[in-house]
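Student: My structure is below; once you've seen it, I'll send some questions.
The values are calculated or read from the model by the stated rules, or taken from the named source; none is laboratory data. This structure is a prediction, so every number in the text was calculated from the model and none was measured. Neighbour counts are summed over all protein chains in view; Cβ atoms, including those assigned to glycine, are modelled from backbone coordinates with ideal geometry. Ligands, DNA and RNA are stripped out before the accessible areas are found, and what is left, the full protein with its side chains, is counted by its heavy atoms. Shrake-Rupley method; radii C 1.70, N 1.55, O 1.52, S 1.80 Å.
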Amino acid sequence: MTDTTPAAAIDTAARMTTDSLGNPITVPDSDDVLVVEASDGSRWELVCGLEVHAELATVTKMFSGAPNSFGDDPNTNVDPVTLGLPGTLPVVNERAIELAIRFGSAVGAEIRRSVFSRKNYFYPDMPKDFQISHFDLPIVVGGELELAGGPVVGIERAHLEEDTGKSTHVHRPRPSSPGDASGDGSPRSGDGRIAGAAYSLVDYNRAGVPLLEIVSRPHVRSAEQARQYVAELRAILVACGVSDGKMEEGSLRVDANISVRPAGSNELRTRCEIKNVNSLRSLVRAIEFEAARQADLHAAGEPVVQSTRGWDEATGTTVLMRTKEDADDYRYFPEPDLVPVEPDPAWVAEIAASLPVLPAARRHRLAERVGVAVTDDSVVALVDRGQDDQAVATIDAGADAARVLVHVTQNLAVEGGADLAPARLAELIAMETGGELTATQAKQVLAELVADPSATAAGVAKAKGFEAMDTGALEAVIDEIIAANPAEWETFTTGDPKARGKLTGFFVGKVMKATKGQADGKLATQLLNQRATG
């Protein structure tokens, strides 16, 4: 039988099922999948891949000696290469190559021979009317990230390119009128779109800044996973010195490629790209909105058009920017003024050996020392705050691991808390677990240790008059409180578990008040339960 399928249809299907390097696209199963319900009641699940653009922490630009510096006066960090003047030639920034290799090594990727190409398109803040970028031969291929929540997201590629300048679209002055305070006649930037603008201003300071574009596989299955992915990626970039990761300054920008498919199916449908999302909160909102929008279109029998959309924070919606181009539209060809880059394997190995311990490994280390799951909220929080080394060193000093986790997570999340020496914290915990201090007293002593670097746990405890309360004395206090509250005690001993739980707090509170905080709350609870069952 002759195959009558049009060649264009075959090509479109092939592009939908292979990535930019020609590898099959796979979407893993997950316990955390965003499923949205369309207007007709049908259920659709998210398939998402992320492109993260990280400005590299270099002194100069990608292909010239112009400064790479944020916040300077407009159009001061430029040179003939930045402006694309005739006769200028690009020179590859070796430090940018090194930083790309650092990232690739950090995520377990393959470092390959790479070729720069010209990506041709017109935009006012593109001085040359083309961008120099890796195309089909990127420097970083493969790799993966383990998220704080447990899932692993694959990396398709990471390639180097140069950033564009920045356009500011100035809208017409507001009309002044009597009693209208907003109508001051001054220009305004409006909503940032070129439509309706009176004129535009272009700042070329950012043009030519080195970018590493990191493309994930479509392994992101929920908005929360997207947030965790970008947070993990940022932590790696900052830890390795690749980028400062400042989303508020545009050093880290996220594009989300979003599609939906019938819940439980394996098909891939047309995607839309949400451009330049600059906060984690906005990323979550944009993904949730766009998934719902596409689900409603599918349910209504309307096509989802492959397009580039922007996120409107004010309205909480995505808005059409342009229909999406394919690679052919950019007329890529190898950059004739640059030779291929083929890093020496010895150099790559030297860079990989210089990497710090990365966030995922730090989570595993702390979880193993404490004996909790690697996804435990306290473990994740301490690594995010950079206090996991403090916790591990305190455990190494002989302190009880569980109490270390509680104190560092809850009581040292304050200014100066991360500076407390592990030996001083270990001394305090030893007094607490040895019965010399109650949990309440230990918390008070800890606050003093943070405030006074010369203080010792024993010295603070003595100054405050903290002493271990004799068990017999505590039992006498409990007996007095039971006698003073017979109705509550009756409910405590005969009521259901929920009632007992509430009254446990009531009685322990009475004990702590009567002993001025010197009683051990855990021991008090134990004694109350013994009296109730004995």
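Student: Can you give the calculated 222 nm mean residue ellipticity of the chain, where each DSSP H run of n ≥ 4 adds -39,500 (n - 2.57) and the sum is split over every residue, rounded to the nearest 500 deg cm²/dmol?
Tutor: It comes out at -11000 deg cm²/dmol, rounded to the nearest 500.
Student: Follow-up. Heavy atoms of the protein only, probe of 1.4 Å, neighbouring chains included. What is the accessible area of residue 502 in Å², nearest 10?
Tutor: About 150 Å², ignoring ligands and nucleic acids.
Student: If we restrict to alpha carbons, what Rg and Dmax does segment 417-534 come to, in Å?
Tutor: When restricted to Cα atoms, segment 417-534 yields Rg and Dmax of 16.7, 51 Å.
Student: Compute the FRET efficiency between residue 123 and residue 444 as 1/(1 + (r/R0)^6), taking r as their Cβ-Cβ distance and R0 = 41 Å, and round to the nearest 0.05.
Tutor: According to the calculation, E is roughly 0.10.
Student: Accessible area per residue of the chain at 1.4 Å probe, in Å²?
Tutor: So the chain comes to 49 Å² accessible per residue, rounded to a whole number.
Student: Just to confirm a number: summing +1 for Lys and Arg and -1 for Asp and Glu over residues other than residue 374 whose beta-carbon lies under 15 angstrom from that of residue 374, what do you get?
Tutor: Local charge sum for residue 374: -3.
Student: Using only protein heavy atoms and a 1.4 Å probe, report how much of residue 126 is accessible, in Å² to the nearest 10.
Tutor: Accessible area, nearest 10 Å²: 10 Å².
Student: Here is a further query. What do you get for the angle between helix 94-106 and the principal long axis of the chain? Use alpha-carbon atoms, 0 to 90 degrees, nearest ten.
Tutor: 50
Student: Defining a contact as two alpha carbons under 8 Å apart and six or more residues distant in sequence, what relative contact order in percent does the chain show?
Tutor: So the answer I get is 14 percent.
Student: Return the long-range amide H neighbours of residue 309 (sequence gap of 5 or more, or a different chain), with a cut-off of under 5 Å between placed amide H atoms.
Tutor: 273, 274, 275, 321
Student: Next question, about the same structure. Longest exposed-loop-site-free stretch of the chain, with chymotrypsin sites (Phe, Trp or Tyr not before Pro), DSSP loop and at most 13 other Cβ within 10 Å?
Tutor: Segment 123-534 is the longest.
Student: Express the relative contact order of segment 269-349 as a whole percentage, based on alpha carbon pairs under 8 Å and six or more residues apart in sequence.
Tutor: It rounds to 29 percent for segment 269-349.
Student: Any idea what the relative contact order of segment 283-425 is, in percent, if you count C-alpha pairs under 8 Å spaced at least 6 apart?
Tutor: It rounds to 13 percent for segment 283-425.
Student: Whole-Hz Karplus ³J(HN,Hα) for segment 196-208, in order, using 6.51 cos²θ - 1.76 cosθ + 1.60 and θ = phi - 60°, x for Gly and Pro?
Tutor: x, 6, 6, 6, 10, 10, 10, 10, 8, 4, 7, 4, x
Student: Here is a further query. Counting other Cβ atoms within 10 Å, keep those with at most 13, restrict to DSSP loop, and tell me which GluC sites (Glu not before Pro) in segment 329-436 are left.
Tutor: 415
Student: Just add up the charged neighbours of residue 357: K/R +1, D/E -1, any other residue whose Cβ is under 13 Å from the Cβ of residue 357.
Tutor: +1
Student: Determine ³J(HN,Hα), in whole Hz, for all residues of segment 242-252 in sequence, where each value follows from phi through the Karplus function 6.51 cos²θ - 1.76 cosθ + 1.60 and θ = phi - 60°; x replaces Gly and Pro.
Tutor: Taking θ as phi minus 60°, the curve returns 7, 8, 7, x, 7, 5, 5, 9, x, 5, 9 Hz for segment 242-252.
Student: Among the GluC sites (Glu not before Pro) within segment 464-499, which fall in a DSSP loop and have no more than 15 other Cβ atoms within 10 Å of their own Cβ?
Tutor: 467
Student: HN-Hα J couplings of segment 278-293 from phi, Karplus 6.51/-1.76/1.60, θ = phi - 60°, integer Hz, Gly and Pro as x?
Tutor: 10, 7, 5, 4, 5, 4, 4, 5, 5, 5, 5, 5, 5, 4, 5, 4
Student: Within the accessible area of segment 479-529, what % is carbon and sulfur when the probe is 1.4 Å and the other protein chains stay in place?
Tutor: C and S atoms contribute 56 percent here.
Student: Something else: What shape does segment 230-292 have by the C-alpha gyration tensor, where a ≥ b ≥ c are the square roots of the eigenvalues, rounded means a/c under 1.5, and otherwise prolate means a/b greater than b/c and oblate the rest?
Tutor: Note, shape of segment 230-292 comes out prolate.
Student: Can you give the angle from 0 to 90° between the axis of helix 223-239 and the longest principal axis of the chain, with both taken from C-alpha atoms, to the nearest 10?
Tutor: Tilt relative to the chain: about 90 degrees.
Student: Also, I was wondering about something else. Give me the percent of accessible area attributable to carbon and sulfur for segment 287-371, probe 1.4 angstrom.
Tutor: Answer for segment 287-371 is 55 percent, counting heavy atoms of protein chains only.
Student: Provide the solvent-accessible area of residue 73, counting protein heavy atoms only and rolling a 1.4 Å probe, rounded to the nearest 10 Å².
Tutor: 110
Student: Below 12 angstrom from the Cβ of residue 31, what's the summed charge of the other residues (Lys, Arg +1; Asp, Glu -1)?
Tutor: -2
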